[in-house]
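Notes follow the structure.
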Amino acid sequence: MKDGSRRSRTISGSGAVIARRSEIWAPAPGTGPAPASDEGASGYALDKIDLNILDHLQAEGRITNQELANRVFLSPSACLARVRAMEAAGLITGYHARLDIERVKTTTIVYAEVYMNKHQAEDLNRFDAALAKTPEIIEAVRVCAPFDYILKAAVTDMREWRDILEWLLAERYGVERVISHVMLREVKPFTAAPVRSRRGTPQPA
């Protein structure tokens with residue numbers, strides 16, 4: 001439970017980038033291919049071929065099944081069966097185009113730390129639902145930190161972000177304050193999540 005002595009609702013800003021966290025989920029029993037060398041969050045293992053397939057699909061979502069099969073040394077039918085099994089199990093959740101949004105329209109990226117003064121499940125779920133319905137909030141996660149949420153927003157300008165903040169700070173959502181960080185430059189954009197553990201491997205210098 002957060003400190004109940006905080007009462008003020010404030011908006012502050014700075015320039016900072018907050019890292020992205022990703023998870024890979026493993027298939028349910030009997031839906032994924034057999035033996036495995038790596039395990040997902042639910043404890044079910046994937047084999048090396050599965051991991052190679054996931055690597056290739058993250059790098060090139062429009063790859064044909066024939067080309068993917070060639071790269072992982074499978075027949076096209078066997079490759080497709082593995083892909084379909086991982087889709088059905090929820091490991092592969094979709095295929096999307098990655099845009100350079102700043103070339104599509106004028107865009108400001110804002111990261112925000114959100115502090116809540118209400119922490120009942122129904123209050124947090126209500127706020128989650130509101131975030132999900134707001135297209136300018138392109139990512140949102142609950143975190144274990146001094147604050148409760150990290151948001152990533154893509155807005156036209158700071159005026160549009162102020163409008164969103166006024167809505168976020170509405171009494172019904174239980175938001176105490178929001179600290180905003182405006183992105184200056186994207187140093188390493190997200191392209192793919194590592195599907196293999198790095199335990200025991202050398203770290204970069």
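The values are calculated or read from the model by the stated rules, or taken from the named source; none is laboratory data. Values in this document were obtained by computation on a predicted structure and should not be read as measured data. Cβ: placed from backbone, ideal geometry, glycine included. Neighbour counts: every protein chain shown.
Going by the structure shown, is residue 171 assigned by TED's automatic domain parsing to the domain that holds residue 107, out of contact with any helix residue (DSSP H, G or I) (no Cβ under 8 Å at 6 or more places or on another chain) and either closer than 26 Å to residue 60 by Cα or modelled with pLDDT under 95 (or both)? Here the answer is yes, as residue 171 does meet what is asked. Examine segment 133-144 for a residue that is over 30 Å from residue 60 (Cα atoms) and out of contact with any strand residue (DSSP E or B) (no Cβ under 8 Å at 6 or more places or on another chain), and state whether such a residue exists. Yes, the conditions are met somewhere in segment 133-144.
Filtered by the rule that a residue be polar (S, T, N, Q) and in contact with a helix residue (DSSP H, G or I) (Cβ under 6 Å, 6 or more places away or on another chain), segment 95-111 gives a lone residue, 107. State whether one or more residues within segment 50-60 are assigned to a loop (DSSP other than H, G, I, E, B), out of contact with any Lys or Arg (no Cβ under 7 Å at 6 or more places or on another chain) and surrounded by 15 or more Cβ atoms within 10 Å (Cβ to Cβ). Within segment 50-60, none of the residues are assigned to a loop (DSSP other than H, G, I, E, B), out of contact with any Lys or Arg (no Cβ under 7 Å at 6 or more places or on another chain) and surrounded by 15 or more Cβ atoms within 10 Å (Cβ to Cβ). In the condition set (1) over 16 Å from residue 181 (Cα atoms); (2) more than 15 Å from the chain's Cα centre (by Cα); (3) surrounded by 15 or more Cβ atoms within 10 Å (Cβ to Cβ), residue 145 is compliant with all but (3). Among the conditions (1) farther than 22 Å from residue 158 by Cβ; (2) surrounded by fewer than 18 Cβ atoms within 10 Å (Cβ to Cβ), residue 86 misses just one, which is (2). Regarding segment 100-112, can at least one residue be identified that is surrounded by 13 or more Cβ atoms within 10 Å (Cβ to Cβ) and charged (D, E, K, R)? The answer is no; no qualifying residue exists.
Listed conditions (1) in a loop (DSSP other than H, G, I, E, B); (2) in contact (Cβ under 8 Å) with a residue 40 or more places away in the chain are all met by residue 189, apart from (2).
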